[in-house]
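**Student:** Here it is: the structure, laid out below.
What follows draws every value from the coordinates through simple rules; no lab data is involved. It should be emphasised that the depicted structure is a prediction, and the values quoted were computed from it without experimental measurement. As a convention, Cβ positions derive from the backbone with ideal geometry for all residues, glycine included, and neighbour counts pool all protein chains shown.
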Amino acid sequence: MATARKRTLLKVIILGDSGYVNKKFSNAYKATIGADFLTKEVQVDDRLITMQIWDTAGQERFQSLGVAFYRGADCCVLVYDVNTTKTFENLDNWRDEFLIQASPSDPDNFPFVVLGNKIDLEGGNNRVVSEKKAKAWCAQKGGIPYFETSAKEDYNVDQAFKCIAHNALKNEEAEDIYLPDVIDVNATATTKKASGCC
Amino acid sequence: MEELPIEPTHFDLIVVGTGLIESIVAGAASKAGKTVLQLDHAAGYGTQWASLSVGDAQNLVENLREAEASSVNLEPVVVSSSSDTIMSLPVDSSSGAGCIYDRMEVQDLVGDEFRDRMGNLHRYNLDLSAPKAASGAGAFVDLIVKSGTHHYLEFKSTEGTLMWIDGSLQPVPSSRAEVFRNKKLSAMHKRLLMRFLQACLDAKLETDLAEMPCETARADAECSSTMPVFSHPDESFFACLQSHKLPPLLQQVVLYAIALVDEAPTGSSTGRHVAKGLTAREGVRLVQLYIQSIGRFGPDQGAFLIPLYGTGELPQAFCRQAAVGGAINVLRRAVVDIQFQKCGDEAAGEGRERPGAATLPHSAGGGSWKCTAVRTSGGQQLTCGALVLNAMYMDVMRHAFEAGASPCGEQRVARAICITDASLAEGKSQVLAIFPPGCLEGVTGGPVRAMQVGQSTCAAPDGRFVVYLSAPVGSDGAGIEAVSAAVTALFRRFDPASTRTAAEEASRGKPPPRDVNLEADEAAANPAKAEERCLEEAAAPSAGEASAGQRGAESPHPPESARPQPARGADSRPLLLWAMLYTQRVAEADEVSSFP
């Protein structure tokens, strides 16, 4: 039955308008598995946490992210482009979409993080969404942590991810997450064939 | 929400539908560098593979009924100009599922009054199309690993296999380890079964033999094993089992619980459960696959892998893979017509052999046609090099291209989805249960396979289980009866009236009446006949060493003898809360055997 074992692997999904924002953002990290599926290790207190960062892979363009994408997320990162008003306005939709699809057991306390990205563009002259406005939105949604980042310049990205890992872990302690003991299809697939029978 | 136009407007491949087959094609094409567009009219992925909540499943049945009532035959429109001939074929995705499912019926036994007995309805993931359990060593698991889609999927394995013997479910030895542990098998039968399984494992089949240098080496290899499993690879598997002197019950175990043969017995209900069509080579390969699957993913893991959250996860994994490779996925976008261009004669007749090719013979107009474009519900025209359609468009395409041709090469599978309040095997969740042909009285169809899943695969809320039953329908429709007889045999039906009485009586301190099964064909649950057949032929393994305390061993008529006992020994079968019965059309016979 439900076993609350400490987890060292966190699923983090990045949501926001336009795959471009996300691609640019996650490209700041080395892909260790596949193009869409990045892992990042973060030290939180005395624990080394592996974060699996899931990009929307373009499926967000036509609001066509399946429920499997949202499943089991430990943290949801909402990204917008500070140079485009529309991407900021759509944060509401993405947050709602996440809460409906992932249906976390405690939606009010689910860890979100908001990132205002591309602050470096044109030296910040194209900026249309102010930090104040973004922070006000985050406060109104129950105090979502807010970071301004530049994936291109690698500015503030590490801090953002530390916070993401920290909040995701906090959520894990609050919620007794049911972790089924699943089969690792890949690991054994490579070492199989030694003996066919029991 | 307005329909955002799709860009670009030309694709190497357009895929309509997000079922498993279409999604695998989309993923592979995308990985191979093709431009791919995948469309689905629904709001979620999976088309008929989608895993549904109880409410969604009930709605589907309603919608199908309505769609059937309003169904119209859409006729193709052919427009000729001086340069070419274009045919546009209207398609309707809303009535598509009617092409797949038939005889759908929901039995809501709890009703709204006792709905809470089913737990959180949103926690159910019901698989209508094909509840899948993949052989651990099978090709599908290899595909998942090779394609990389295993990153998006999680699996649990089956925990045991049961077989309907003497009117109750009994665990059957399905691996060599279990043969050792089994307390009911006599030493002699253990030895026979072990020797047979080992012989199967040692047998070199043609796939291995293909690598042999020459004919004689192959012949040598086929006979070289110390104890060849079969005298000739093309003899029937049944003859092969007999030559190993396996008693009939063990033959059934090997046929239906290990090789998972799903052929209905040929001939009438003479009690001969013969899969005549199956050759020894094929049978041995199935046994090998099973044995290799067991323990592949850990010492205590069963032979089959079941995806968490239901089969609906599988197509989503391949869709995501397609998207990562650059494919565009668009949900809530229906295709309303498909356009074909008439080709020159030289292309005629080629198309059918190549899967996914867009040229098809047109019996009415002659010549061949190449699919060039689709039009979406928003009126957008999208051109393509090739088109792959979900099976729900099968009838429309046949109607257009094979006018007058009778449906062929397809089968129906009878299915039932049952929601219950207890596991078929105490302490286990993922369990396979087999009803060999002829084990249910008066029913000729089968074998019936039942697969149970529960909370541990996120298929049901805590304490509830979903049991999927299936049987090939066959020309006489016997599978349908077999499935409903198996449902009757496995479960007590929830009865609101007696539940109310039970509550009243409980308050007065009396034991509640246990047996609420008053089904008309109660006979199916009556073990007398089946037991006769099994016992007379295989007394040793089933009853000979009946020390395990199974009900069947204590009494040849468990339900009757158990009834007088007030508490535990009474009808302890799981309570059936909700059920859905239907038949499903499968395009190829292969698909029948792929479950599980």
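**Student:** Does a label point 7 Å from the Cα of B:Thr383, set along Cα-to-beta-carbon, have any residues of the stretch B:1-35 with amide nitrogen under 18 Å, and which are they?
**Tutor:** Label zone hits: B:6-15, B:35.
**Student:** Treating the beta-carbon of each Lys and Arg as +1 and of each Asp and Glu as -1, no other charges, what is the dipole magnitude of the stretch B:12-144 about its Cα centre, to the nearest 20 debye?
**Tutor:** 500
**Student:** With 10 angstrom as the radius, rank A:Leu9, B:Leu109, A:Leu65 by how many other C-beta atoms surround their C-beta, starting from the fewest. Before the final figure, lay out the partial values.
**Tutor:** Values: A:Leu9 10, B:Leu109 20, A:Leu65 27.
Ordered by Cβ neighbours within 10 Å, fewest first: A:Leu9, B:Leu109, A:Leu65.
**Student:** Quantify how strongly other chains surround peptide B:293-303 by giving the mean number of their Cβ atoms within 10 Å of each of its Cβ atoms.
**Tutor:** 3
**Student:** To continue, here is another question. If you stretched the chain out fully between B:Met397 and B:Arg181, how much longer would it get, using 0.36 nm times the residue separation minus the C-alpha to C-alpha distance?
**Tutor:** Using 0.36 nm per residue and subtracting the Cα-Cα distance, I get 72.3 nm.
**Student:** Evaluate the distance, in nm, between pseudo-label points positioned 7 Å from the Cα of B:Ser81 and of B:Asp12 along their respective Cα→Cβ axes.
**Tutor:** If labels sit at B:Ser81 and B:Asp12, their model points lie 2.9 nm apart.
**Student:** Continuing with the same structure: What residues have an amide H closer than 5 Å to that of A:Trp54, excluding those fewer than 5 places away on the same chain, when H is modeled at 1.01 Å from N in the peptide plane?
**Tutor:** A:Val12, A:Ile13, A:Ile14
**Student:** Let me know the mean shielding of A:55-61 by other chains, meaning the per-residue number of their Cβ atoms within 10 Å of its Cβ.
**Tutor:** Values: counts 2, 2, 10, 9, 12, 2, 7.
That works out to 6 on average.
**Student:** Mind checking B:323-332 for the average number of partner chain beta-carbons within 10 Å of each residue's beta-carbon?
**Tutor:** Whole-number average of other-chain Cβ neighbours for B:323-332 is 6.
**Student:** Only residues of the stretch A:128-146 count here: report those whose backbone N is under 14 Å from the spot 7 Å along Cα→Cβ of A:Leu121, or say none.
**Tutor:** Counting backbone N atoms under 14 Å from the label point, the list is A:128-130.
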